[in-house]
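Novice: Just passing along the structure, written as structure tokens.
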Amino acid sequence: MSIGNSPEDNSPEDERPFAEDDRPSIGRALQQARVEAGLTVDEISNATRVRVAIVHAIEQDNFAACGGDVYARGHIRTLARAVHTDPERLLAQYDDDHGGRPSPTPAAPLFEAERIRPERQRPNWTAAMVAAIVAVIGFVGFTLLNGGDDEPGTKTQVAEGSTPTTSKSPKPKPTKPNDPKPDPSDSAIAAAPRDKVTVKVNAADGRSWISAKDHNGRTIFDGTLQQGDSQTFQDKEQIDLILGNAGAIQLFVNGKQIEDEFQTGQVERLRYTKGDPEVG
């Protein structure tokens with residue numbers, strides 16, 4: 001008889017690793033990482049610009065407040081980086097729980113009306129001049145024909161340049177065509193003043209949450225742009241932007257289009273001044 005534990009006492013279940021179902025939820029993992037980093041919800045909100053209510057909701061595994069899978073993935077990535085944990089692991093877990101990674105939003109042909117400018121019609125001065133000449137010739141011919149029945153004295157008056165009161169023919173005034181009004185969005189960019197910074201944001205390829213502040217840190221705009229919406233911001237020194245779902249945004253700064261390739265679901269923090277556009 002042997003003393004001690006027999007091999008049968010160590011069941012395989014005691015040595016198995018944690019099952020995938022035993023891993024903490026996304027919200028629980030973010031909350032634990034935040035607590036271990038010694039950060040409060042308010043400090044995380046200030047650092048990431050994600051609203052306090054959304055941080056609380058995500059830590060409770062409630063992603064409805066994010067407004068969709070694209071925004072939820074962007075917030076998870078931002079919060080994970082702020083608390084120094086691996087965002088890719090949490091994103092993979094989110095995709096497993098929500099039916100896979102969302103497909104990119106196809107680019108829609110937005111703002112075609114802004115890009116196609118109406119062709120300005122030139123006034124037809126030639127036609128106006130021809131019409132005026134024909135009117136004068138017709139009037140002179142009519143006057144000469146009527147003068148044939150008058151007395152010689154009347155003919156002499158006409159030959160000497162005496163002008164009857166009915167002989168004046170009003171010259172037709174050429175009508176000046178109305179110039180087509182410039183597109184408001186194009187004129188706002190083209191007329192960007194040099195002594196200010198002007199930023200225009202188009203939600204060209206989908207919905208996006210936007211936050212804009214002036215040089216004093218005061219909020220100019222904080223809300224969601226639906227696809228096809230646009231906003232223009234202006235300040236005398238600088239504009240600070242936060243773009244949610246930055247890949248859906250078409251950006252113009254001081255009359256120039258920003259060509260940076262932002263990613264769908266990505267959160268971008270930008271700063272622009274009166275000089276050449278620079279990412280802050």
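Novice: Find the residue count for the stretch 205-234, including only residues that are more than 16 Å from Asn254 (Cβ to Cβ), part of a loop (DSSP other than H, G, I, E, B) and open to solvent by 10 Å² or more (accessible area, probe 1.4 Å).
Specialist: The total comes to 9.
Novice: Need pairs with beta-carbon distance below 8 Å; first residue outside the structural domain of Ser211 (by the TED database) and within the stretch 47-62, second open to solvent by 70 Å² or more (accessible area, probe 1.4 Å); sequence gap 6+ or separate chains.
Specialist: Once the first residue is outside the structural domain of Ser211 (by the TED database) and sits in the stretch 47-62, its partners that are open to solvent by 70 Å² or more (accessible area, probe 1.4 Å) give Arg49/Arg269; Val52/Asp42; Ala57/Ala64; Glu59/Arg28; Asp61/Arg28.
Novice: Okay, next question. Identify all residues within the stretch 81-133 that are assigned to a loop (DSSP other than H, G, I, E, B), at pLDDT 85 or above and open to solvent by 90 Å² or more (accessible area, probe 1.4 Å); write none if there are none.
Specialist: His84
Novice: Looking only at the stretch 235-257, filter to residues that are without any contact (Cβ under 8 Å) to a residue 40 or more places away in the chain and open to solvent by 30 Å² or more (accessible area, probe 1.4 Å); which one of those is farthest from Ala204 (Cα to Cα)?
Specialist: Result: Lys256.
The values are calculated or read from the model by the stated rules, or taken from the named source; none is laboratory data. Remember, predicted model here, so these are calculated numbers, not experimental data. Positions of Cβ are generated from backbone atoms using ideal geometry, with glycine treated the same way; all protein chains shown enter the neighbour counts. Only protein heavy atoms, including side chains, enter the accessible area calculation; ligands, DNA and RNA are left aside. Shrake-Rupley method; radii C 1.70, N 1.55, O 1.52, S 1.80 Å.
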